[in-house]
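Just dropping this structure here.
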Amino acid sequence: MRYKKNIGDTGEDLAVMVLENNGYRILERNFGTKVGELDIIAMKGGVIHFVEVKTRNGSICGYPSEAVTPAKQRHIRKAAEYYLQGCRIPWSSISLDVFEIMTDHIENCM
Amino acid sequence: MYSRTRSAVCKGIEGRDVFVETDISRGLPGIGIVGLASTMVMESRERIKSAIMNSGYEFPKGRITVNLTPASLRKNSSCLDLPIAIGILASEGCIRTRVAEDWGIIGELALDGRVLGVDGALPMMLHMKEAGLKGIIVPEDNRSDAELAGGGIYTVTSLRECAELFCMGPGKAAVFAEKRGMLTDGALSLAEIAADAEAKVMHAGKDFGDIAGQENAKRAVVIAAAGRHGLLMIGSPGCGKSMIAGRMGSIMPLMNEREMLETAIIRSVSGHGDDSRRLLLARPFRTPHHTIGRAGLIGGGSYPVPGEITLAHNGVLFLDEICEFNKDTIESLRIPMEEKTITHFRKGEAYSFPCNFQVIMAANPCPCGYLGDRDRECTCTQADLDRYRRKLSGPIIDRIDMRISMEKVRYDDLSGKKSGMDSADMRRQVTAAMEFAAARGQKVFNSEIADSDIDKYCRLGEEENRFMKRAYNAFGMSPRAYSRTVKVARTIADLDGSMDIGQAHLAEALNYRIQE
């Protein structure tokens, strides 16, 4: 369990790094609300991006993005609405994104 | 990326074109299917995904949108699994495709990528053949249907095989498939099947020779079979009604090519497709149980499927214990019996099924079964009798050409077995009568003579006319009863080898109509 949690956290750190390098400004991380949690909230060019980070080791369980089920999407949308109500930053539009990270940890292969 | 493949579905018993458009765009992975797809089609998403991955292809990443056109046609068939899967592979670029419109594909997928047979393959194939496609790919399981539809149809066992064929294009594919035995032969040799079918029905283990006595009933059955007349048998329990009906198959004439195709299409749609080619020419014989409901009998469902009357198309519908049937169920036969077709309406669409069946009914004379019996006393009250008889209304009775009362066989007849007619004799009579009718220049069964043709085929002499006039008035016959009696008389005359209908023929025909 600890291992899995670590994978997720590392994935999010990685995602933040990539986003920052690409000119996104990180507004929030792990923004928790009572309706759901948003992994990363970032901004670029007047657009607020709500980013769900999915990290997977290997592809045996399918693509990481497939794990974003309709129920999960609903939670993210609710949480995003919640955030926007208290948001003071002017924005032109919003975007709900999925950030996929695939690692490949092959055990005992040599 | 976009691709388009071609397939078909069944609407009722007719094949209809369906085009499968597939588009893969950026977005969360998933397949969305639009175009009036039923639950069965929606579930194909899971099958397709597993089948593609287990066939060694990569499942595309991204939002897959599948559109089934024409959008107005309701689609309810697992046969779209394969064309959708091929469409996805083509969109992804996994398989190289030229314009896909020249190929028609049908087939259901298993999770491991095998292609499974589908119901209704025959009408779909015939439809695609008509459209003049370069290649038609169907499941190997549907090979017998494919052979009926004609040569040049590819049969496949797996998604991979289908994809490979598809990539090759018509020219190369034909050579490749020929080598691996994937192409069907041309049309079946009818003469060969006919000989087979003849042998099969004659050796089905049911022969009229098994029935001792009951010669008058056998005579009636010969007439019924030769002219395809409806028959109602009334008799006490155990006197042999069901035995007689069960042996109808052994004396009925074989179907011609058109009838065979019609019947094979109905069998294909209802999932009663039979692998043995031999049965193709034997007329269907349906014996629904008396608890059957209206939808089961005349067809129905939200995507209408044929009922028993349609399954009995070109054959016999035997309703045993007719008085035990629900009254509404029996009454629903009224129009199909006359029209020989039934039309269902669902969600703004009409579905027509042919139902040219010969009805044979059997009933006891009363609820206890022994009314009019020589040895046993009937224990029914008048009220019981009335209730029982109400089951068979006038309109239904009027539509049945022949009625016979049967009695128990006497012991002497029973022991003196094999004295009566057997199936071979009866079959000879039936065939001779039909040949005679054909020689008269008539192409249809006597019961199917159109009203406008009655004067042509069933002309009565002066004396016969007088005879019928007396009968018409004396028995209070309806015009329909009149014309049906004359048609039965025509059959009797044919059995006699007589060009003209004589008084004796009319009298025998009347005897079958006028029963207490």
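The values are calculated or read from the model by the stated rules, or taken from the named source; none is laboratory data. Everything quoted here is computed from the prediction, not taken from an experiment. Here the Cβ positions follow ideal geometry from the backbone for every residue, glycine too, while neighbour counts run over all protein chains shown.
Looking at the range B:157-176, which of its residues are buried (at least 18 other Cβ atoms within 10 Å of the Cβ), free of Cβ contacts under 8 Å to residues at least 60 places away in the same chain and under 33 Å from the mean Cα position of the chain (by Cα)?
Result: no residue meets the conditions.
Moving to a separate point now. So for the range B:359-377 (the condition being over 28 Å from residue B:211 (Cα atoms), crowded, with 18+ Cβ neighbours inside 10 Å and either in contact with a strand residue (DSSP E or B) (Cβ under 9 Å, 6 or more places away or on another chain) or not assigned by TED's automatic domain parsing to the domain that holds residue B:216 (or both)), does at least one residue qualify? Reasoning before the result, please.
Going residue by residue through the range B:359-377, those that are over 28 Å from residue B:211 (Cα atoms) are none.
Scanning the range B:359-377 turns up no residue that is over 28 Å from residue B:211 (Cα atoms), crowded, with 18+ Cβ neighbours inside 10 Å and either in contact with a strand residue (DSSP E or B) (Cβ under 9 Å, 6 or more places away or on another chain) or not assigned by TED's automatic domain parsing to the domain that holds residue B:216 (or both).
When the residues of the range A:49-98 are filtered to those that are in a helix (DSSP H, G or I) and among the hydrophobic types (A, V, I, L, M, F, W, C), which remaining residue is farthest from residue B:26 (Cα to Cα)? Walk me through how you get there before you give the answer.
To start, the set of residues in the range A:49-98 that are in a helix (DSSP H, G or I) comprises A:64-67, A:70-85.
So of that shortlist, the ones also among the hydrophobic types (A, V, I, L, M, F, W, C) come out as A:67, A:71, A:76, A:79-80, A:84.
On the way: A:67: 16, A:71: 20, A:76: 19, A:79: 24, A:80: 22, A:84: 26 Å.
Once the filter is applied, the top-ranked residue is A:84.
Let me ask something additional. Just a yes or no: is a residue in the range B:40-53 of a type in the set (Gly, Ala, Ser), more than 18 Å from residue B:116 (Cβ to Cβ) and touching a strand residue (DSSP E or B) at 6+ places or on another chain (Cβ under 6 Å)? Before the answer, list the steps.
Within the range B:40-53, the subset of a type in the set (Gly, Ala, Ser) is B:44, B:50-51.
In the following step, the residues that additionally are more than 18 Å from residue B:116 (Cβ to Cβ) were identified as none.
No, the range B:40-53 contains no residue that is of a type in the set (Gly, Ala, Ser), more than 18 Å from residue B:116 (Cβ to Cβ) and touching a strand residue (DSSP E or B) at 6+ places or on another chain (Cβ under 6 Å).
While we're here: Based on what the data block shows, is residue B:382 crowded, with 20+ Cβ neighbours inside 10 Å and either in the same structural domain as residue B:326 (by TED's automatic domain parsing) or touching a strand residue (DSSP E or B) at 6+ places or on another chain (Cβ under 7 Å) (or both)?
Values: crowded, with 20+ Cβ neighbours inside 10 Å: no; either in the same structural domain as residue B:326 (by TED's automatic domain parsing) or touching a strand residue (DSSP E or B) at 6+ places or on another chain (Cβ under 7 Å) (or both): yes.
So residue B:382 does not fit the description; no.
Let me ask something additional. Just one of B:27, B:56, B:15 is outside any helix (DSSP H, G or I), away from chain A (no Cβ under 14 Å) and farther than 30 Å from residue B:348 by Cα; which is it?
B:56
I'm told residue B:32 meets every condition in (1) more than 30 Å from residue B:345 (Cα to Cα); (2) part of a strand (DSSP E or B); (3) within 14 Å of chain A (Cβ to nearest Cβ) except one. Can you identify the failing condition by its number?
Failed condition: (1).
Yes or no: residue B:84 away from chain A (no Cβ under 14 Å) and closer than 17 Å to residue B:3 by Cα? So that I can check it myself, show each step before the final result.
Details: away from chain A (no Cβ under 14 Å): yes; closer than 17 Å to residue B:3 by Cα: yes.
It is true that residue B:84 is away from chain A (no Cβ under 14 Å) and closer than 17 Å to residue B:3 by Cα.
For the range B:447-460, state whether one or more residues are in contact with a strand residue (DSSP E or B) (Cβ under 7 Å, 6 or more places away or on another chain), basic (Lys, Arg) and not assigned by TED's automatic domain parsing to the domain that holds residue B:231. Steps first, answer last, please.
Our first condition is that a residue be in contact with a strand residue (DSSP E or B) (Cβ under 7 Å, 6 or more places away or on another chain); within the range B:447-460, this holds for B:458, B:460.
Right, trim to basic (Lys, Arg) and you get none.
No - not one qualifying residue is present in the range B:447-460.
Yes or no, residue by residue, for (1) more than 23 Å from residue B:123 (Cβ to Cβ); (2) surrounded by fewer than 22 Cβ atoms within 10 Å (Cβ to Cβ):
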residue: B:221; (1), (2): yes, no
residue: B:228; (1), (2): yes, no
residue: B:270; (1), (2): no, yes
residue: B:287; (1), (2): yes, yes
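Go through the range B:335-434 and tell me which strands (runs of 3 or more DSSP E), entirely inside it, have 2 or more residues that are hydroxyl-bearing (Ser, Thr, Tyr) and within 22 Å of the chain's Cα centre (by Cα).
Values: elements: B:341-346, B:349-354, B:358-363, B:402-406.
Once the strands (runs of 3 or more DSSP E) in the range B:335-434 are filtered for at least 2 residues that are hydroxyl-bearing (Ser, Thr, Tyr) and within 22 Å of the chain's Cα centre (by Cα), what remains is B:341-346, B:349-354.
Could you count how many residues in the range B:148-161 are touching a Ser or Thr at 6+ places or on another chain (Cβ under 6 Å) and in a strand (DSSP E or B)?
1
Regarding the range A:69-77, can at least one residue be identified that is within 12 Å of another protein chain (Cβ to nearest Cβ) and exposed (fewer than 14 other Cβ atoms within 10 Å of the Cβ)? Can you show your working first?
Restricting attention to the range A:69-77, the residues satisfying the condition of being within 12 Å of another protein chain (Cβ to nearest Cβ) are A:69-70, A:72-73, A:76.
Adding the requirement that they be exposed (fewer than 14 other Cβ atoms within 10 Å of the Cβ) leaves A:69-70.
Taking every residue of the range A:69-77 in turn, at least one turns out to be within 12 Å of another protein chain (Cβ to nearest Cβ) and exposed (fewer than 14 other Cβ atoms within 10 Å of the Cβ).
Separate question: So residue B:476 ticks every box in (1) exposed (fewer than 15 other Cβ atoms within 10 Å of the Cβ); (2) in a helix (DSSP H, G or I) but one. Which box is left unticked?
Here residue B:476 meets the rest and fails (2).
Quick check, is residue B:444 within 27 Å of the chain's Cα centre (by Cα) and crowded, with 20+ Cβ neighbours inside 10 Å?
Numbers: within 27 Å of the chain's Cα centre (by Cα): yes; crowded, with 20+ Cβ neighbours inside 10 Å: no.
So residue B:444 does not fit the description; no.
Still on this structure: Being buried (at least 18 other Cβ atoms within 10 Å of the Cβ) and either touching a His at 6+ places or on another chain (Cβ under 9 Å) or among the β-branched types (Val, Ile, Thr) (or both) is the filter here; which residues of the range B:326-340 pass it?
B:329, B:330
How do the pairs read when you match residues in the range B:21-48 that are touching a residue at least 24 places away in the same chain (Cβ under 8 Å) with residues anywhere that are of a type in the set (Lys, Arg) and part of a loop (DSSP other than H, G, I, E, B), using Cβ under 6 Å and keeping only pairs 6 or more apart or on different chains?
B:29/B:61; B:36/B:74
Considering only residues that are touching a strand residue (DSSP E or B) at 6+ places or on another chain (Cβ under 9 Å) and part of a helix (DSSP H, G or I), look in the range B:485-510 and name the one that is nearest to residue B:401 (Cα to Cα). Walk me through it before giving the result.
The initial filter retains those residues of the range B:485-510 that are touching a strand residue (DSSP E or B) at 6+ places or on another chain (Cβ under 9 Å), namely B:486, B:488-490, B:492-493, B:500-501, B:506, B:509.
Then drop every residue that is not part of a helix (DSSP H, G or I), which leaves B:486, B:488-490, B:492-493, B:506, B:509.
Numbers: B:486: 10, B:488: 7, B:489: 10, B:490: 12, B:492: 13, B:493: 16, B:506: 13, B:509: 9 Å.
The qualifying residue nearest to residue B:401 (Cα to Cα) is B:488.
Is it fair to say residue B:63 is among the charged types (D, E, K, R), within 14 Å of chain A (Cβ to nearest Cβ) and either crowded, with 17+ Cβ neighbours inside 10 Å or in contact with a strand residue (DSSP E or B) (Cβ under 6 Å, 6 or more places away or on another chain) (or both)? Quick ask: steps written out before the conclusion?
On the way: among the charged types (D, E, K, R): yes; within 14 Å of chain A (Cβ to nearest Cβ): yes; either crowded, with 17+ Cβ neighbours inside 10 Å or in contact with a strand residue (DSSP E or B) (Cβ under 6 Å, 6 or more places away or on another chain) (or both): yes.
Yes: the conditions hold for residue B:63.
Next up: Only one of (1) closer than 30 Å to residue B:50 by Cα; (2) in contact with a Phe, Trp or Tyr (Cβ under 7 Å, 6 or more places away or on another chain); (3) away from chain B (no Cβ under 14 Å) is not met by residue A:42, so which one is it?
Result: residue A:42 passes all but (1).
Looking only at strands (runs of 3 or more DSSP E) that fall completely inside the range B:63-147, which ones have 1 or more residues that are polar (S, T, N, Q) and in the same structural domain as residue B:37 (by TED's automatic domain parsing)? Lay out the reasoning, then the answer.
Numbers: elements: B:63-69, B:103-105, B:135-139.
Counting at least 1 such residues, we get B:63-69.
Can you tell me how many residues in the range B:289-325 are aromatic (Phe, Trp, Tyr) and buried (at least 22 other Cβ atoms within 10 Å of the Cβ)? I'd like the intermediate steps shown before the answer.
To start, the set of residues in the range B:289-325 that are aromatic (Phe, Trp, Tyr) comprises B:303, B:318, B:325.
If we keep only those that are buried (at least 22 other Cβ atoms within 10 Å of the Cβ) too, we end up with B:318, B:325.
Selection size over the range B:289-325: 2.
Being within 14 Å of chain B (Cβ to nearest Cβ) and of a type in the set (Phe, Trp, Tyr): is that true of residue A:99 here?
On the way: within 14 Å of chain B (Cβ to nearest Cβ): yes; of a type in the set (Phe, Trp, Tyr): yes.
Yes; evaluated as a whole, the condition is true for this residue.
Any residue in the range A:61-79 that is closer than 18 Å to residue A:33 by Cα sitting within a Cβ distance under 9 Å of a residue that is among the aromatic types (Phe, Trp, Tyr) and surrounded by 14 or more Cβ atoms within 10 Å (Cβ to Cβ)? List the pairs, counting only those 6 or more apart or interchain.
Close Cβ pairs satisfying both conditions: A:76/A:50; A:77/A:50; A:79/A:31; A:79/A:50.
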